[in-house]
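FYI, it's all coordinate maths here, none of it is from the lab. All values derive from a computational prediction rather than experimental measurement. Methodologically, a virtual Cβ is constructed for each residue, glycine included, from the backbone with ideal geometry; neighbour enumeration extends over all protein chains shown.
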Amino acid sequence: MLSQLKRLSIEADGCYATKEELTFLNSYFDSVRQRISAYEKIRDAEEVIMDQTEARLKAVDPQVFHNGTQDCSEICRRDRQNTLRHSAAAMLFNDLDRLRDGLLVWQGTIIRAIEGEYASTLTWREMPEVLREHLTAEEADLMMPALHMNQALLK
């Protein structure tokens with residue numbers, strides 16, 4: 001929404017916005033209560049979400065967070081938390097552009113540099129299912145675009 005508002009302010013400079021240009025505002029305001037509710041649920045359950053996701057990942061592969069003999073679990077958890085927080089903010093403000101440009105492009109580069117694609121792919125395959133356990137169906141639907149972007153860019 002913030003990116004869209006910025007574009008709208010530039011495009012409508014000195015004139016009125018068109019009905020089409022205002023459509024995103026109506027759509028956003030129709031979903032704002034659900035967005036806030038989803039954001040608060042994710043924020044309040046972050047540790048549980050992280051624990052559940054980690055348990056699911058380790059059930060798939062107990063060595064998922066190992067790089068050779070080094071256990072990188074804490075670093076991976078920190079990165080998952082950071083990405084989840086940014087994703088929740090992107091959902092709250094309906095601003096996937098900022099998520100992509102502000103975090104995911106950079107983080108994807110790091111993941112490829114350290115050859116962490118496997119753990120990242122597993123994480124963003126499992127995280128949506130964990131989040132569905134904490135959100136209503138409507139809230140989860142609002143969160144899925146950010147998670148799908150994570151899946152696409154962090155593999």
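Quick notes on this structure:
- Fully extending the segment from Asp71 to Ala152 would add 26.6 nm, taking 0.36 nm per residue of separation and subtracting the current Cα-Cα distance.
- Exposure proxy for Lys41, Lys6, Lys19: other Cβ atoms within 10 Å of each Cβ, ordered fewest to most, give Lys19, Lys6, Lys41.
- Among the GluC sites (Glu not before Pro) in the stretch 70-146, those placed in a DSSP loop whose Cβ has at most 16 other Cβ atoms within 10 Å are Glu115, Glu133.
- Each stretch of four or more DSSP H residues adds -39500 (n - 2.57); spread over every residue of the chain, this sum gives -25000 deg cm²/dmol at 222 nm.
- Tensor-based shape of the stretch 32-153 (alpha-carbon gyration tensor, a/c under 1.5 rounded, otherwise prolate or oblate): oblate
- Computed over the stretch 32-153: relative contact order in percent, which uses C-alpha pairs under 8 Å that are six or more apart: 40
- Environment charge at Asp71 (Cβ cut-off 14 Å; Lys +1, Arg +1, Asp -1, Glu -1): 0
- Summing Cβ point charges (Lys, Arg +1; Asp, Glu -1) relative to the Cα centre of the chain gives a dipole of roughly 160 debye.
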